[in-house]
Structures are given as structure tokens and as C-alpha cells.
Amino acid sequence: MLFSRFFVTLQREIKMQTMNTQNTPVHIRLWHRDFWLMSFANMMLAISVYILVPSMPVWLLEKEKFSQVEVGLAMGSFALGLFLFGCFCSWLVQRFRRNRVCIYAIMGMIGSLTILYYVQGLKHDLIEFWIILLQRFLLGATFGLAQMVLLSTLIIDTSESDKRTEANHSAAWFSRFSLSLGPLVGLIMLNYQNFDAVLLTAVVSSAVAIVLILTVNFPFRTPSDSLHIVSLDRFFLPSSAPLFVNMQLIAVAIGLLLSLGLSERFYGVIMVGFLLALLAQRFVFRDAELKSEVVTGLILLLIVFILIYTRPLPIVWYVAPLLLGLAVGIICARFLLFFIKLSRHCQRGTSQSTYFLGWESGIALGIGLGYAFFLNDADNLLITSMVLTAAALLMYNYYTHRWFLTHKNR
């Protein structure tokens, strides 16, 4: 009798440990041609946006003579644009062919970049502020629609039903790499060429994404009977609001850091940190307790800000981006899986869009706030980032994690 009770208790504990670990299985069958193409399309699309992060503010400040508040508003307006087409996303992908919706949205991105290229060529006169504000808003709107369709529909459609969580997890890494690759390419083009070259590279990157999507066949699907023009489907998951806010705090803190005018070397070392994060997920956090990954990542993020604030030594500019890439990699990967586990079976695409909106809008807001309020004031910027990260850590440790365990559906 005692042995049977012990055996039942042991089984229960093993089951709970399995549910609360970081292990995400890897299936070689997931990595077929179509999935590779869509993942690279995802990365190229994100690169075309992140390539402007370090270069466009420099152009606006030095060439166009915009004030720091105007630059901050322009960069931050991208965050608002991300939400513009979200409530129409479900209707668009059901009313029209979903791959075409994504392609037309990317063409809209190319159009907004072309407008910027044209006004940049008007060197005889300064550009009016409202044109830049509108261009950034439209770029955010078209990028938001393209990414929501790509993440919530196209990538999922290329994967078998039992491997879709792994597909979401893996494809997200490709867009995550753009946080390093995009600014790195943008700074190289700006320093060795000019801002025109940056814009042309962004256009080419978007065009490559279109070509990759066109090479994948997506069969037509009959729209559902209950089709609404405006809905939250494939747009926003209301039940994930605490997780959304918690992640935005982290993203804003990182966005503030990106407004500091970092070097090519800094962004290059971030990529090394991303690779370390992939190894850490596979070996360090494989069977760790569920809370450990986010808590560790936030502590590392705090260390990054403290190092830059208190130790302005050459070695810091290698250690800080390395830890930043490691922290962002393990935090974002875990938050993405949290959003998926909060969703019901028919809400997987919605969870992807919610995660995307929380992260990208937070980064854009942080960059905008950094230029508007902390230009040439790195100390106060870093203090603000530390406060936001500490608030995110306290919120996650004492509220969000327990809330998630109570409300998860998977």
C-alpha cells in the first residue's frame, strides 16, 4: 500500500517537472524546404526594418536638422502603426489569398521606403516633419500586417499540426537575429556609403522576402461562414494582457539602450550572445524549473545596464552586448512559449501576433523615448532602463509567473 502511494506520488512529481521545464523538442522533419524559405523571409523582412534603427535618427538629426523630440516622435510613431491593420488581419487572410495579403503588405513597406528615398534625394530643401512622421507610421502599419500574416498563418501552414509549437519557436529566432544583423548592416552602409544605400538595402531585403514567399505554394482555403471584417482573431489575445505588459516593460528598456548610438562591434557581439542563448536553452535550461529562464535573463539584463553605467572600460563593450544577446534570447524564447500556452487550439495565430506586437511596439517606443528625452544623457537613460528592468523582474517573479500557471491552457 505504501509502495503504491509512493509510486503514484512519484509519477505526479515527474509529470509536474515535465510540464514546468524548458525542454522544447527538435524534429528534423520540421526543417523542410518550405519552412526554411518562410523562416528566411521572416528574417529578411525584419532586417529591412531594423536596418533603419541606428541610421535613420543620425540622418534626421545631422542632415535634416530635426529636434530630438521630433526624431523621438518619428521613431516612436512606428509603434502605433503596428496596430493599424491588426483588427482586419483575420478578414483579409480569409477573404483573399493569405500569401498575397502578406506580399501586398510588403509591397506597401517598399512603397513607404521608396517615399523616404525620394524625399531624401531632395537635398535642396529640408523635409517637413509630417512627411517623416507619416512615413514611419505607414512603415509600421505595413510591416505589422505583413508580420502578423507571416507569423500567425503562413509559417504555421507550412508545418505539421504536431510540430507547430516548435515551428513558432524556431521561426521566431530568425526574426530575433535581425535585432543584431539589421543595425549592423545599416551602420556599415551608412559609414561606408550613405543613407541612400541604407534605404536601397532595406528595399532589397523586403524584395527578397517577397521572392521567398512566392516560391512556396499555399492552396486556397474557403473562408469560414462567420466572417467578421473587424475582430481580434490573429490580432490580439486579451487573456494575455499581464504577460503583454510585462514583456513591453522589457522591450522598452532594450529600446532605450538601442537609442544610444551603438557601434557595429556592439551589434556584432549581440549575435554571439544569441548563439549562446541557443546553447543555453538546449543544455543549461533543458530541465530547469519554469521560472528560471526569465528570471536569469532579467538579472543578466540588469547586469548589462549596470556595467555600461558604472564601468566605461573597453572590455565592457564586449561583455555587455554578449550578455544582452544571451538575455534577450532566453527571455523572448520563453515569453513566446508562454503566449502559445495561454492560447486555445484555435488561437495559436493570435498568440503569435500578440507576442510580435508586444515586443516590436516596446522596442519602437523605447527608441522613440530614448531620442525624445535622453539624447546626450546616457546616464539617465541607463538608470531608466534599470528601473524598467527591475520593475519587470518584480512583476514577473511576484505576479506574472503565478498568474500564467493559473491561466495557461496547454
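The values are calculated or read from the model by the stated rules, or taken from the named source; none is laboratory data. Not measured: the values here are computed from a predicted model. Cβ: placed from backbone, ideal geometry, glycine included. Neighbour counts: every protein chain shown. Areas reflect the complete protein model, heavy atoms only, side chains present, ligands, DNA and RNA absent. Shrake-Rupley method; radii C 1.70, N 1.55, O 1.52, S 1.80 Å.
Inspect all residues belonging to the range 227-240 and state whether any of them is in a helix (DSSP H, G or I) and open to solvent by less than 40 Å² (accessible area, probe 1.4 Å).
yes
Filtering the range 368-398 down to residues that are open to solvent by less than 10 Å² (accessible area, probe 1.4 Å) and of a type in the set (A, V, I, L, M, F, W, C), which residue is nearest to Gln248 (Cα to Cα)?
Filtering the range 368-398 for residues that are open to solvent by less than 10 Å² (accessible area, probe 1.4 Å) and of a type in the set (A, V, I, L, M, F, W, C), the one nearest to Gln248 (Cα to Cα) comes out as Ala392.
Looking only at helices (runs of 4 or more DSSP H) that lie completely in the range 348-410, which have at least 2 residues being modelled with pLDDT of 95 or more, farther than 22 Å from Phe236 by Cβ and of a type in the set (Val, Ile, Thr)?
By residue number, 378-395.
Ala253 fails exactly one of the following numbered conditions: (1) open to solvent by 50 Å² or more (accessible area, probe 1.4 Å); (2) farther than 20 Å from Phe174 by Cα. What is the number of that condition?
The one condition Ala253 does not meet is (1).
Any idea which of (1) in contact with a helix residue (DSSP H, G or I) (Cβ under 8 Å, 6 or more places away or on another chain); (2) open to solvent by 30 Å² or more (accessible area, probe 1.4 Å); (3) in a helix (DSSP H, G or I) is the one Glu62 doesn't satisfy?
It fails just one condition, (1).
Scanning the range 105-141 for residues that are among the hydroxyl-bearing types (Ser, Thr, Tyr) and in contact (Cβ under 8 Å) with a residue 60 or more places away in the chain, which turns out surrounded by the fewest Cβ atoms within 10 Å (Cβ to Cβ)?
By that ranking, first place goes to Thr114.
Counting only residues that are under 23 Å from Phe83 (Cα atoms) and either of a type in the set (S, T, N, Q) or not in a helix (DSSP H, G or I) (or both), how many does the range 186-225 have?
Count: 2.
Return yes or no: is Val272 assigned to a helix (DSSP H, G or I), closer than 19 Å to Ser175 by Cα, open to solvent by 30 Å² or more (accessible area, probe 1.4 Å) and out of contact with any Pro (no Cβ under 6 Å at 6 or more places or on another chain)?
The answer is yes for Val272.
In the range 328-346, what residues are in contact with a helix residue (DSSP H, G or I) (Cβ under 9 Å, 6 or more places away or on another chain), assigned to a helix (DSSP H, G or I) and either free of Cβ contacts under 8 Å to residues at least 40 places away in the same chain or not aromatic (Phe, Trp, Tyr) (or both)?
Result: Val328, Gly329, Ile330, Ile331, Cys332, Ala333, Arg334, Leu336, Leu337, Ile340, Lys341, Leu342.
Within the range 78-97, track down each residue that is part of a helix (DSSP H, G or I) and open to solvent by 10 Å² or more (accessible area, probe 1.4 Å).
Leu80, Cys87, Phe88, Trp91, Leu92, Val93, Gln94, Arg95, listed by residue number.
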